[in-house]
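Engineer: Attaching a single structure in structure tokens format; questions to follow.
The values are calculated or read from the model by the stated rules, or taken from the named source; none is laboratory data. Note that this is a predicted model, so its numbers are computed, not measured. Heads up, the Cβs are rebuilt from the backbone with ideal geometry, glycines too, and the neighbour counts pull from every protein chain shown. Side chains are part of the model used for accessible areas, which takes the heavy atoms of the whole protein and leaves out ligands, DNA and RNA. Shrake-Rupley method; radii C 1.70, N 1.55, O 1.52, S 1.80 Å.
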Amino acid sequence: NNAFSFNLLKKLYSLENGQELFISPFSMDAALSMLSNGAGGDTFTEIAKTLGYENYSANDINETYRVITGGLLSVDNSTKLAIANALWLGQTFPVIPTFSQTLSNYYGAQAENVDFSSPSTLQTINKWAETNTNGMIPKILDKIEPETAFILANALYFKGIWTNKFKKSNTSSQIFHCLSGNNKNMD
């Protein structure tokens, strides 16, 4: 699904009016793959098509995610990589047991009903982000809108050790040429 990744970056870049952008296409793929398990008919077909999985079943998409994730997590023992997924649904949307089991089995995600009007739900979601990014992202939401139906989240934490370490003495102040055409002096 490399095409999905590049199409996503191209689209988001155009929406950001040339501003710099940092996003994980893998995270977007994970979220849409989880979402596809709750979709049917044309909605499922459109999600699969967007991901580049036109001829895949929901089970095929789930297995693909499991294989890719397993490979990423086992590549290098000196690298710390953590991947977490979660789904919180409003109380008016009951969690279907087979859906919940699929998210748990393939994505390690727990689907649970919450009260989005409760301040403790906001704290729970932000704490989940903080925990699953090793404290790097302490908050992902400032508030939850009352009409929110669900929140689907993916978090990545990566800390690697360079095979060939960069020498700080090779660093110098230079002009950085932004995609927007602007230049910035970077130290």
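Engineer: Among the residues of region 112-142 satisfying the criterion of being under 16 Å from the mean Cα position of the chain (by Cα) and closer than 23 Å to Ile96 by Cα, which is most open to solvent (accessible area, probe 1.4 Å)?
Structural biologist: Per the criteria, the residue is Trp128.
Engineer: Give me the pairs: first residue in region 11-25 and modelled with pLDDT under 75, second residue in a helix (DSSP H, G or I) and not small (Gly, Ala, Ser), beta-carbon distance under 8 Å, and six or more apart or on different chains, which are they?
Structural biologist: From residues that are modelled with pLDDT under 75, the pairs are Leu21/Leu9; Leu21/Leu12; Leu21/Tyr13.
Engineer: For region 73-85, indicate whether the set of residues that are out of contact with any Pro (no Cβ under 7 Å at 6 or more places or on another chain), in a helix (DSSP H, G or I) and farther than 30 Å from Asn183 by Cβ is non-empty. I'd like the intermediate steps shown before the answer.
Structural biologist: From region 73-85, those out of contact with any Pro (no Cβ under 7 Å at 6 or more places or on another chain) are 73-85; that's our starting set.
Remaining after also requiring in a helix (DSSP H, G or I): 73-74.
In the following step, the residues that additionally are farther than 30 Å from Asn183 by Cβ were identified as 73-74.
Scanning region 73-85 turns up at least one residue that is out of contact with any Pro (no Cβ under 7 Å at 6 or more places or on another chain), in a helix (DSSP H, G or I) and farther than 30 Å from Asn183 by Cβ.
Engineer: Answer with yes or no whether Gly41 is surrounded by fewer than 12 Cβ atoms within 10 Å (Cβ to Cβ), at pLDDT 90 or above and under 30 Å from Thr124 (Cβ atoms).
Structural biologist: Numbers: surrounded by fewer than 12 Cβ atoms within 10 Å (Cβ to Cβ): yes; at pLDDT 90 or above: yes; under 30 Å from Thr124 (Cβ atoms): no.
So Gly41 fails the test.
Engineer: Please identify the pairs in which a residue from region 140-159 that is farther than 15 Å from Ala30 by Cβ has its Cβ atom under 8 Å from the Cβ atom of a residue that is loosely packed, with under 15 Cβ neighbours inside 10 Å and basic (Lys, Arg), counting only partners at least 6 apart or on another chain.
Structural biologist: Lys159/Lys80
Engineer: Kindly indicate which of Thr98, Thr171 is loosely packed, with under 10 Cβ neighbours inside 10 Å and either β-branched (Val, Ile, Thr) or touching a residue at least 60 places away in the same chain (Cβ under 8 Å) (or both). Can you show your working first?
Structural biologist: On the way: Thr171 fails: loosely packed, with under 10 Cβ neighbours inside 10 Å.
Just a single option satisfies the conditions, and that option is Thr98.
Engineer: Can you run down the residue pairs with Cβ atoms below 8 Å, 6 or more apart or on separate chains, where the first is in region 48-61 and closer than 14 Å to Phe6 by Cα and the partner is assigned to a loop (DSSP other than H, G, I, E, B)?
Structural biologist: Leu51/Asn1; Gly52/Asn1
Engineer: Which of the following residues is at negative phi and open to solvent by less than 60 Å² (accessible area, probe 1.4 Å): Ser57, Ser74? Spell out the reasoning first.
Structural biologist: Values: Ser74 fails: open to solvent by less than 60 Å² (accessible area, probe 1.4 Å).
Answer to the check: Ser57.
Engineer: Six or more apart or on different chains, Cβ atoms under 8 Å: show the pairs whose first residue is in region 72-87 and more than 17 Å from Ser104 (Cα to Cα) and among the hydroxyl-bearing types (Ser, Thr, Tyr) and whose second is open to solvent by less than 50 Å² (accessible area, probe 1.4 Å) and at pLDDT below 90.
Structural biologist: Ser78/Gly160; Thr79/Gly160
Engineer: Continuing with the same structure: Name every residue in region 144-168 that is surrounded by 15 or more Cβ atoms within 10 Å (Cβ to Cβ) and either more than 23 Å from the chain's Cα centre (by Cα) or more than 17 Å from Thr79 (Cα to Cα) (or both), in order of residue number. Explain how you work it out, then say what you get.
Structural biologist: Step one: of region 144-168, the residues surrounded by 15 or more Cβ atoms within 10 Å (Cβ to Cβ) are 144, 148, 150-157.
The answer is Ile144, Thr148, Phe150, Ile151, Leu152, Ala153, Asn154.
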